[in-house]
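**Student:** Dropping a structure here in structure tokens format, bear with me for questions.
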Amino acid sequence: WNKMLDSYNGSYTTENADAIARLMMDVACGLKSDFTPTGTGAYSQDIPALLQNYFGYDKGAVQQDRWYYSNDSWTSMIKDELDKNRPVLYTGFNDDSGHAFVLDGYTTEDYFSVNWGWSGYCNGYFLLDGLVPSGSGSGGNNDHYNFNQGCVLGLIPDAGGDYVIKLSFGEPGLSTNVTDIVTGESFIVYTNGVHNIGNADFVGDISCVLVNEDGDFKEILHTFTITDANPLKPHYYYPSLQFNVTITSTIITGDRIRVYYRVKGADEWNMVDGGEECVNELVLTAPKTISESTKVTFNKIKDQVVVYTKSGVTVKLFASNSSDYSGYCHTQGKVTTIDTKGLPAGTYTIKLTDAKESVNLKIKVN
């Protein structure tokens, strides 16, 4: 290391040259670089392991992809790293190729100081959504680097840190096979994939959970246990993981369904989330009562009473002497039409019933 110079623009010895050349060779081989006549390529996912295994860096060094984060979360994460005086290795792509460079500062307007690796050429402040240098140097191609962005965090000498375990959704995130979620009725929660974006195998539980508005657990609905025999490895994912669930708790407006994970042997649950367009939770509303969800109208031209109800409500008609006139009721989906033209004059009761309650409405036929 003491033979390496900060700059090789001036004179230097063969020892100085061999020292930096050896470092460049070790880095290139450690990254399994692909050498071609027009350039050299490597995968940024391989950087943390190389630094940890051969260069004495901390286990907390981890590569991350922007599409797993919201824009605000991503920007905050980069700024937090820089606040700790750690340079951030950053990558971006265009339609033809990609480039790796360094972020080493930021402004209050979220412009980031970029060192493009071109001996100072084009260095400056850029928005992360506007990484467009005015020119190009080695490894560049006179284009932007706004696509498929990523970074490497935690680039510090070994400080006894732990490997990073983090699970994330692929877009679009959570969805279900039903429009109304009701206590006691089974349904499916789809995830469109749960990804391990950390740098260590995941072994533990992945659970679909009902929580209240504050995020407190109300009910664990379904759990998948990932074992040591078949761990979820870094950069791998379970495609289209789905949970078959039935809520037994009373649903309160503001409750939500989320997915959490817990590492084997740990007590802490961590929420699975995803990128800017990802649905990270399903917000629930308490089921409306029959009275809240029912509307009754009268069609004078057709002499028809029309009853609009929620799903699962049966509609029957009874005379004041309890005679059943439900044959005059014609139901299609949530709409029931009652033909009053053929009914004897008198007062009638429309009886609305579901699994939990019954409501009576009075009508008078002249």
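Since every read-out is calculated from the coordinates, none of them should be taken as a lab result. Computed from a predicted structure; not experimentally measured. Neighbour counts are summed over all protein chains in view; Cβ atoms, including those assigned to glycine, are modelled from backbone coordinates with ideal geometry.
**Student:** Within region 184-279, report the GluC sites (Glu not before Pro) that DSSP leaves as loop and that have at most 16 other Cβ atoms within 10 Å.
**Tutor:** GLU185, GLU213, GLU268, GLU276, GLU277
**Student:** Expressed as a rounded percentage, what relative contact order does region 237-327 have, with Cα pairs under 8 Å and six or more residues apart?
**Tutor:** Relative contact order here is 18 percent.
**Student:** When the Karplus curve 6.51 cos²θ - 1.76 cosθ + 1.60 is applied with θ = phi - 60°, which whole-Hz ³J(HN,Hα) does each residue of region 67-73 get, with x for Gly and Pro?
**Tutor:** Result, ordered by residue: 5, 8, 10, 5, 4, 5, 5 Hz.
**Student:** If each residue's Cβ is checked for other Cβ atoms within 10 Å, how do THR36, THR183 rank with the fewest at the top?
**Tutor:** Going from least to most buried by this count: THR36, THR183.
**Student:** Please grab the % of Cα pairs in the chain that end up more than 38 Å from each other.
**Tutor:** 44 percent
**Student:** Under 29 Å Cα-Cα from LYS341, which lysines qualify once same-chain neighbours fewer than 8 residues away are excluded?
**Tutor:** Cα-Cα hits under 29 Å: LYS295, LYS300, LYS302, LYS310, LYS316, LYS351, LYS362, LYS364.
**Student:** Hey, another quick one. Under the rule of -39500 (n - 2.57) per DSSP H run of 4 or more residues, summed and divided by the residues of the chain, what mean residue ellipticity at 222 nm is obtained, to the nearest 500 deg cm²/dmol?
**Tutor:** The per-residue figure over the chain is -3500 deg cm²/dmol.
**Student:** By the scheme Lys and Arg +1, Asp and Glu -1, what is the net charge of all other residues having a beta-carbon under 15 Å from that of LYS362?
**Tutor:** +3
**Student:** For region 167-283, what is the convex hull (Cα atoms) projected area averaged across all directions, in square nanometres?
**Tutor:** 7.2 nm²
**Student:** For the chain, what relative contact order do you get, as a whole percent, if you take Cα pairs closer than 8 Å and at least 6 residues apart?
**Tutor:** 11 percent
**Student:** Between region 175-199 and region 282-333, what's the alpha-carbon centroid distance in Å?
**Tutor:** Using only Cα atoms to place each centre, the spacing works out to 32 Å.
**Student:** If you don't mind, there's one more thing I want to ask. What does the C-alpha gyration tensor say about the overall shape of region 135-190? Classify as rounded when a/c is under 1.5, otherwise prolate if a/b is larger than b/c, or oblate. Could the numbers behind the result be given before it?
**Tutor:** Values: a/c = 7.35, a/b = 1.78, b/c = 4.14.
Verdict is oblate for region 135-190.
**Student:** Against the longest alpha carbon principal axis of the chain, how many degrees, from 0 to 90 and to the nearest 10, is the axis of helix 14-30 turned?
**Tutor:** Taking Cα atoms only, the helix is inclined about 20 degrees.
**Student:** Considering the zone a paramagnetic label at SER326 would reach in this model (a point 7 Å from Cα along the Cα-to-Cβ line), which residues of region 339-366 have amide N under 11 Å from it?
**Tutor:** Counting only backbone N, you get 351-353.
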